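S.K.: Attaching a single structure in C-alpha cells format; questions to follow.
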Amino acid sequence: MRTHTTEFASEQRKYLAGQAQRFREEPIESMREVAATSAESLKSLKPRVRVIAHSGVKLTTVWQSTMQNLIELESEVVTSALTAAAARLERAAQSEGVVDLVFDQAEMLGATRDRIMGEAARAVEIVKVASRDVRKIGTHLYESVFEMAEEEAPKAKATRVRQARRAVRKTTTRARKAVA
C-alpha cells in the first residue's frame with residue numbers, strides 16, 4: 001500500500017512539474033486548453049443534470065400519488081370504523097337481552113376482522129407499488145448517469161491542431177469573371 005501511494009505521489013509530482021513547465025513556456029495556450037477542457041466538462045454535465053431533474057419529478061409524482069392513496073385509504077378506514085361502530089350500537093340497542101347482545105357482537109367480530117385485514121392489505125399494496133416505482137426510477141437514474149459516463153470515457157481526447165490562416169487567392173478564371 002505504501003509503495004502504491006509513493007508511486008502515485010511520484011507520478012503526480014512529475015505531472016504537475018510538467019504542467020508548471022508548460023505554463024511557464026506557453027501560458028496563453030495552456031490557459032486556452034484548460035478553459036476549453038473545463039467548458040467541455042461543464043457541457044457534458046447537462047444531460048446528467050436533466051436526467052437527475054427528471055427523476056426528481058418522477059419521484060415527486062410517485063410520492064404524491066402514494067400519499068393521496070394513503071389519505072384516501074385512511075378516510076375509508078375512519079368511515080368504515082364509524083359505520084361499524086354505529087351498527088354495533090344499533091344492534092346493541094335492538095338486542096332483547098345479554099345473550100342476544102353477545103351473539104350479535106360476536107357475529108359482527110368476523111366482519112370487523114375481515115374489514116381490518118382488507119384495509120391493511122390495501123395499505124401494504126400501496127406501499128409495495130410505491131417502492132416498486134421508486135426502485136424503477138432509481139435503476140433508470142443509475143443506468144442513465146453511469147451509461148453516459150461509460151459512453152464518454154472511451155473517447156480519446158484529440159488535441160486540435162490550429163492551422164495558420166492564409167489568404168485565399170482567386171484563380172485566374174474567377175478573377176477574370178469578377179472583372180468582366
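The values are calculated or read from the model by the stated rules, or taken from the named source; none is laboratory data. Here the structure is a predicted model, which means the values were calculated and not measured. Neighbour counts are summed over all protein chains in view; Cβ atoms, including those assigned to glycine, are modelled from backbone coordinates with ideal geometry.
S.K.: Given the options E76, E29, name the one that is closer than 30 Å to E125 by Cα and in a helix (DSSP H, G or I).
M.R.: The match here is E76.
S.K.: Here is a further query. Could you please let me know if K43 is assigned to a helix (DSSP H, G or I), surrounded by 11 or more Cβ atoms within 10 Å (Cβ to Cβ) and modelled with pLDDT of 85 or more?
M.R.: Considered against the rule, which asks whether it is assigned to a helix (DSSP H, G or I), surrounded by 11 or more Cβ atoms within 10 Å (Cβ to Cβ) and modelled with pLDDT of 85 or more, K43 comes out as no.
S.K.: What is the residue count in the range 1-57 for residues that are closer than 30 Å to L141 by Cβ and not hydroxyl-bearing (S, T, Y)?
M.R.: Qualifying residue count for the region: 17.
S.K.: I'd like the full set of residues that are surrounded by 10 or more Cβ atoms within 10 Å (Cβ to Cβ) and not basic (K, R), limited to the range 1-17.
M.R.: T6, E7, F8, A9, S10, E11, Q12, Y15, L16, A17
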